[in-house]
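Below: the structure, in structure tokens.
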Amino acid sequence: MSFTGGCSCGAVRFAIRDYLYALVCHCDACKKRTGSAFGISVVVENADILDLRGALQTYTRIAESGRPVDYEFCPRCGATIQWDIEKFPTRTIFAGGAFDDMRLFPAAGEMYNECALDWARPRCALSCVRKPDAEFGAALIARAKELR
């Protein structure tokens, strides 16, 4: 089985074989990126990306850590498709809303809860007040396996 997705206009399409976990992020950058109360991230090992077709444009912002985050989006419709962070060079993070069926990705946890809007909290079993650490990441992977 593969998971497929793309942008709003159809110019960009992708497929992945598997994912590590899906996560709700309440940070202000995700709110701005999505124009919503939070972002949904689907974390994928680069080896599990089966296909990525169409032109992408990159926007780089500097994260709170001081490191760059490279967002890749469709230059035609503006939909964010994926992004990379220096900390995890073997992983790509896909925008949850870019998948054809987001119901296939139950949220394993949420982070930056200190920034969450009270009326927009899914109240995941795993949560992190601020920036996640390695222990939280391992717990997300384990929780995602339970949810499948």
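Counting protein heavy atoms only, the stretch 1-122 has 50 percent of its accessible area on carbon and sulfur, 1.4 angstrom probe. Database remark: amide H of Gln82 closer than 5 angstrom to the amide H of Glu72, Ala95 (H placed geometrically; neighbours at sequence offset of 5 or more, or on other chains; Pro and chain starts carry no H). A quarter of the convex hull surface defined by the alpha-carbon atoms of the stretch 1-84 gives 5.7 nm² as the mean projection. Evaluating 6.51 cos²θ - 1.76 cosθ + 1.60 at θ = phi - 60° for every residue in the stretch 118-132, the Karplus couplings come out as 3, 7, 10, 10, x, 6, 5, 4, 9, 8, 9, 5, 10, 5, x Hz, glycine and proline recorded as x. Gyration tensor over the Cα atoms of the stretch 75-148: the corresponding equivalent ellipsoid has semi-axes (square roots of 5 times the eigenvalues, largest first) of 21, 17, 15 Å. For Lys32, the lysines whose Cα comes closer than 18 Å to its Cα, not counting residues fewer than 8 places off in the same chain, are Lys131. Phi angles of the stretch 133-146 translate, via the Karplus equation with coefficients 6.51, -1.76, 1.60 and θ = phi - 60°, into HN-Hα couplings of 10, 4, 5, 5, x, 5, 5, 5, 4, 5, 5, 4, 5, 5 Hz per residue; Gly and Pro are given as x.
Between the stretch 1-47 and the stretch 72-104, the alpha-carbon centres lie 4 Å apart. The equivalent ellipsoid of the chain has semi-axes of 22, 18, 15 Å, largest first, where each one is the square root of 5 times an eigenvalue of the Cα gyration tensor.
In the context of the full set of protein chains, the stretch 1-41 has a per residue accessible area of 40 Å² (1.4 Å probe).
The values are calculated or read from the model by the stated rules, or taken from the named source; none is laboratory data. Note that the coordinates shown come from a computational prediction; the quantities given were computed from them, not determined experimentally. The area values use the complete protein model at the heavy-atom level, side chains included, leaving out ligands, DNA and RNA. Shrake-Rupley method; radii C 1.70, N 1.55, O 1.52, S 1.80 Å.
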